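The values are calculated or read from the model by the stated rules, or taken from the named source; none is laboratory data. Here the structure is a predicted model, which is why all the values come from computation and not from measurement. Ideal geometry is used to build each Cβ from the backbone, glycine not excepted, and the neighbour counts take in all protein chains shown. Calculation scope for accessible area: heavy atoms of the full protein, side chains included, ligands and nucleic acids excluded. Shrake-Rupley method; radii C 1.70, N 1.55, O 1.52, S 1.80 Å.
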Amino acid sequence: MTTTAVAHDQPTMTITEEILVRASLETTFASLLTQLGPQNETGDGKPLPMVLEAFPGGRWYRDLGGDNGHLWGFVQSIKRPVLLEVWGPLFMSTAATSNMQYRLTEVDSGSLITFKHTLVGPFPEDHRPLMGQGWASMHARVRAAAEAGR
């Protein structure tokens, strides 16, 4: 048996966004956890509830019941209320992996979320434009819920 290793350039994509939220760090962080978890939705507003175990090594996954579901990632770092970092496949069903970081800082008008999602590995090229739209939709919900005090 002969094994041949072939090196290919691995696609990489990074999405960054800054979100100004007119709410405290604590309220904004709580909103982030809720929106990534049980209140999660698709970009077009359909419910996509998730479980986010908000501790180091905790899972972020979609529970479909009956021991069925989809693992999105693991909590790599969490420091309430200023950092949440997750790594894993997220929504990809390929060999790609992601690192997703939310860093929150206090500013005069509330909180600033600095978001960075880096994806490395093979992924469908048609996913590129959809990912930015999906994260922007998520972040708009985080901001709205935090500013409403939910």
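Rounded to the nearest 20 debye, what is the charge dipole size of segment 97-150 about its Cα centre when +1 sits on each Lys and Arg Cβ and -1 on each Asp and Glu Cβ?
Dipole magnitude for segment 97-150 comes out near 100 debye.
Which residues does a label at Phe91 reach in segment 54-69, if reach means a backbone N under 18 Å from a point 7 Å past the Cα toward the Cβ?
Counting only backbone N, you get 60-64, 69.
For the chain, what does the relative contact order come out to in percent, with C-alpha contacts under 8 Å and a separation of six or more?
30 percent
Sort 21-30, 47-56, 113-122 by the packing proxy (mean of other Cβ within 10 Å over each peptide's residues), most packed first.
Top to bottom by mean Cβ count within 10 Å: 21-30, 113-122, 47-56.
Just to verify a number: FRET efficiency for Arg22 and Lys79, C-beta to C-beta distance, R0 = 22 Å, to 0.05? Display every interim value, and only then the final one.
Working: r = 22 Å, r/R0 = 1.02.
In this case the efficiency is close to 0.45.
How large is log10 I(q)/I(0) at q = 0.15 Å⁻¹ when the Debye formula is applied to the Cα atoms of segment 64-150, each weighted equally and without solvent?
Normalising to I(0) and taking log10 leaves -0.70.
Taking Cα atoms, how many degrees apart are the long axis of helix 25-36 and the longest axis of the chain, rounded to 10 and kept between 0 and 90?
40 degrees
How big is the chain in terms of Cα radius of gyration and Dmax, in angstroms?
So, for the chain, Rg and Dmax equal 16.5, 65 Å respectively.
Return the FRET efficiency for the residue pair Leu71, Asp44: r is the Cβ-Cβ distance, R0 is 22 Å, and the value is rounded to the nearest 0.05.
0.40
Residue-wise, which Karplus ³J(HN,Hα) couplings in Hz belong to segment 41-53, taking 6.51 cos²θ - 1.76 cosθ + 1.60, θ = phi - 60°, and x for glycine or proline?
Here the 3J(HN,Hα) series is 9, 6, x, 9, x, 7, x, 9, x, 10, 10, 10, 7 Hz.
Using +1 on the beta carbon of Lys and Arg, -1 on that of Asp and Glu, and nothing else charged, what's the dipole of the chain about the Cα centre, debye to 20? Walk me through the intermediate numbers first.
Values: 12 positive and 15 negative charges, 43 e Å.
It comes to approximately 200 debye.
Counting only heavy atoms of the protein chains, get the accessible area per residue of segment 2-144 (1.4 Å probe) and round it to a whole Å² value.
54 Å²
If each DSSP helix of 4+ residues adds -39,500 (n - 2.57) and the sum is divided by the residues in the chain, what number results at 222 nm, nearest 500 deg cm²/dmol?
-7000 deg cm²/dmol
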